[in-house]
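Read the figures in this text as sums done on the coordinates, not as results from a lab. These numbers were taken from a predicted model, which means no experiment stands behind them. Neighbour counts are summed over all protein chains in view; Cβ atoms, including those assigned to glycine, are modelled from backbone coordinates with ideal geometry.
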Amino acid sequence: MRKFISAVALIASVVGFSIAAAPAQAVTAVPSVSQVNIKKPLPAGGQNITLFGRNLNVVTAVIIDKTPATIVSKTATNLTFISPPHPEGRVSISLKYGTRTVVIRDSLLYKASANRVLVPLPFIPETLRVGRTVSMTPGNPAWKVTVTTTSTRICSINGLVVTALRKGECALSLDVEVDNMDPTYRSRQALYFITVN
């Protein structure tokens, strides 16, 4: 067998072929999902849905059936997007990365609630580094979101943008108002804390 391989190598070198290994192509990380935190979003949309898995940081777009969703946060292990409005029924989530797409079939079941529920809060991270900012995106542009803080030495607020100033706890008071006639959601107020490190 060794003589055969040597003979092939000799013939290839005489004819001018190289039998060296081809250079390795860079392998693109493929996103995968192991868990979805909200599997039954409301048809009105506007909810923060978090996917847990691997290589989610390479995702450039999230599509629910044929509707693009707004990505509000992503790391290698989790990705949060705002659910777009959709009629009741099962839907697939498509994750675009590079020129490829991963489809998670029938992963969500849009289902109406019998009662009005509290409007979802914008995505807010649990921690934020000093000098960094986070911009909060409401689930629906028609919702009026007001954010204030009493922790002015720890963080500052400019509209829906929070800036971490120094280490400590940043207390945020959120007021999300929806139309009184909204059939799905009702307004809410909430207190939320971000740890600044």
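Assuming R0 = 35 Å, can you tell me the calculated FRET efficiency for the pair Lys66 and Glu126, based on Cβ-Cβ distance, to the nearest 0.05? After rounding, the FRET efficiency stands at 0.60. Rounded to the nearest 5, what % of DSSP beta bridges with both residues in the chain are antiparallel? Here the share of antiparallel DSSP bridges comes out near 95 percent. Listed from fewest to most Cβ neighbours within 10 Å, the set Ile71, Ile38 follows the order Ile38, Ile71.
Between Asp182 and Asn158, the FRET efficiency from the beta-carbon distance, with R0 = 25 Å, is close to 0.35.
Counting Lys +1, Arg +1, Asp -1, Glu -1, what net charge surrounds Tyr185 among other residues with beta carbon under 13 Å of its beta carbon? Could the numbers behind the result be given before it?
Working: positive: Arg116, Lys144, Arg186, Arg188; negative: Glu177, Asp179, Asp182.
Net local charge, Tyr185 excluded: +1.
Given axes a ≥ b ≥ c from the Cα gyration tensor, I'd like to know whether segment 65-105 is rounded (a/c under 1.5), prolate (a/b larger than b/c) or oblate. Judged from the Cα gyration tensor, segment 65-105 comes out oblate (a/c at least 1.5, b/c at or above a/b).
In this label model, Ser32 and Arg100 are separated by 1.2 nm, measuring between points 7 Å along each Cα→Cβ vector. Using a cut-off of 15 Å between beta-carbons, work out the net charge of the residues near Asn48 (Lys and Arg +1, Asp and Glu -1, Asn48 not included). Its environment carries a net charge of +3. Oblate is the label for segment 31-162. Its Cα gyration tensor axes, ordered a ≥ b ≥ c, give a/c of at least 1.5 and b/c at or above a/b.
Ser94 sits among other residues whose Cβ lies under 13 Å from its own Cβ, and their net charge, with Lys and Arg +1 and Asp and Glu -1, is +2. Calculated FRET efficiency, Lys144 to Asn55, Cβ-Cβ distance, R0 = 30 Å: about 0.25 to the nearest 0.05. Listed from fewest to most Cβ neighbours within 10 Å, the set Lys167, Lys96 follows the order Lys167, Lys96.
The modelled label-to-label distance between Asn78 and Leu118, using points 7 Å beyond Cα along the C-beta direction, is 1.8 nm.
For the chain, adding -39500 (n - 2.57) for each run of n ≥ 4 DSSP H residues and dividing by the number of residues yields -2500 deg cm²/dmol at 222 nm.
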